[in-house]
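As structure tokens, the structure follows; a few thoughts come after it.
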Amino acid sequence: MLVDLNVRWPQNGYSDPVSEEELIKLKTTLSTLYTLGYTHIALNFTMNQSDKFPNNVREMNPMQIEARFKDLMNTTGLKIYSRITLIIDDPSKGQSLSKISQAFDIVAALPVSEKGLGLATTNLDIDILTFNYGNRLPTILKHKNICNCVNRGVKVEIVYGYALRDIQQRRQFISNVRNVLRASRLRGIVVSSGAQSALECRNTLGVSSLLRTLGLTNDQCSRSQGENASLVLLNGRLRNGSYKQVIVMGSGDGEDNNIVNQTGLPSHHPVGKRKLTDTSVAFDNKKAKHNIE
Amino acid sequence: MVRLKSRYVLFEVLLSPHITNADEDGETFTKHNILLSHHRPCPKEISIKSLIQEIRHSLQLNFGDYGSGKIGSLLQLKYFSNNTGTGIIRCHREDVDTLVASLMLINKVGDIENVIINPVKVSGTIKKIEQYSIRRSSKLLSLLNKSRKQSALRVNLIDDFATVEEDLEDS
């Protein structure tokens, strides 16, 4: 299975509506990703943390994935998820994450100041830590901060779309990636496209060889788009749909409660760790043991 | 004397997709359309010459004099077909990562903008990569045929029901 955790959702805030053209463009991007072999894709909605969110949880997610992409998901077998990225500047202005995270499958943080980075690495209940690779990083990253964060289960994201846009951003991208790789000690890295159009998608062979030239090890390259990324998906969805992140009821291959990461078409071989039968239980072994004790 | 070790890279040129033509049911994003719009035949302007020029340019831009000199010492475009848009490049074994990375960073070929150069496979012998390419193309072709047949089958089924209803009315 191949996962792309970052395809830009064409909307900057709740106020501006999505036009039909932009939706078609997005669908074209998704179909290009499908041709390149991706199976699981998350649409990324970026917001400032200090901006106003709607009060109702139902209005919080503007994507309506089921309604808009159902035909595409059926014909291609893609799985599409929703993700929110919060730009964290001043921690004091932020709102509680618990409400926001109910509406989205994955929650990511993008710190743009030193304080914001401190908050994101220590306290926030997020799945992904990401940076703006086109600009300078907010501070010098420290091993301790990032490794703590990775040990908690948060993954650090590298967005290769910046390397494809212009020369200035590419240069910044390379130095930022070097910094992130150094600070994270090559652990818990996730790679995604951040594609704004169909032409910013690349397949794994290209991406992993780019990262290999930047200093990521061979095994981490393949893991960053497969195993690690699927862990993020699993973790994010367990947060909302499970009891204490451990137990889920429902069939693994059902339409409504699809927790395990299986590919959409039955002809593909199942990629989840084990095939779940009806009324089965998804376990996270460590936590389950802990709870029993 | 140690043999010269080289690698062959199979790549394909994907042109920017314009998925506009709807099929009989009015659906635009069918599997058939998606696959067809990505694998269009390349225009004449994309040739062995323009491709190798673009690759050298990308190497110079991204890896500088050192990179382009090092990789350029053994860089050949062995094969390129405009009909399928696939080609094979030969390079030194140590330089394959850099070459693939520079392929990935290409956005245009000559005057044609909006192009993805999609590296598909790396292999040590040209024979295996040819075999892989043939297998891959035939797989794609059968997938296309299958998806077209499926939509045709759907139309047939609808036609059948129509005739059954008419018969009932007659009797």
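FYI, it's all coordinate maths here, none of it is from the lab. This structure is a prediction, so every number in the text was calculated from the model and none was measured. Neighbour counts are summed over all protein chains in view; Cβ atoms, including those assigned to glycine, are modelled from backbone coordinates with ideal geometry.
General observations
- Distance (nanometres) between label positions extended 7 Å along Cα→Cβ at residue A:68 and residue B:2: 5.5 nm
- Charge dipole (the range A:3-231, unit charges on Cβ, about Cα centre) - positive-most of A:112, A:3, A:215: A:215
- Gained length - residue A:24 relative to residue A:56, 0.36 nm times residue gap less alpha-carbon distance: 8.7 nm
- Placing a pseudo-label 7 Å from each Cα along the Cα-to-Cβ vector at residue A:115 and residue B:108 gives an inter-label distance of 4.5 nm.
- Relative contact order of the range A:58-203, pairs being alpha-carbon contacts under 8 Å that are 6 or more residues apart, as %: 18 percent
- Percentage relative contact order, the range B:1-115, counting C-alpha pairs under 8 Å, at least six apart: 37 percent
- Counting Cβ atoms of other protein chains within 10 Å of each residue's Cβ and taking the mean over peptide A:34-43 gives 2.
- Average partner coverage of A:206-219, which counts Cβ from other chains inside 10 Å: 4
- A Förster radius of 45 Å combined with the Cβ-Cβ distance from residue A:247 to residue A:168 puts the calculated FRET efficiency at roughly 0.35.
- Pairs exceeding 24 Å between alpha-carbon atoms, taken from A:70/B:108; B:44/B:146; B:44/B:78; A:70/B:31; A:25/A:70: A:70/B:108; B:44/B:146.
- The mean count of C-beta atoms from other chains within 10 Å of the C-beta of residues in B:66-79, rounded to a whole number, is 0.
- Using the Cβ-Cβ distance between residue B:125 and residue A:48 with R0 = 60 Å, the FRET efficiency computed as 1/(1 + (r/R0)^6) comes to roughly 0.65.
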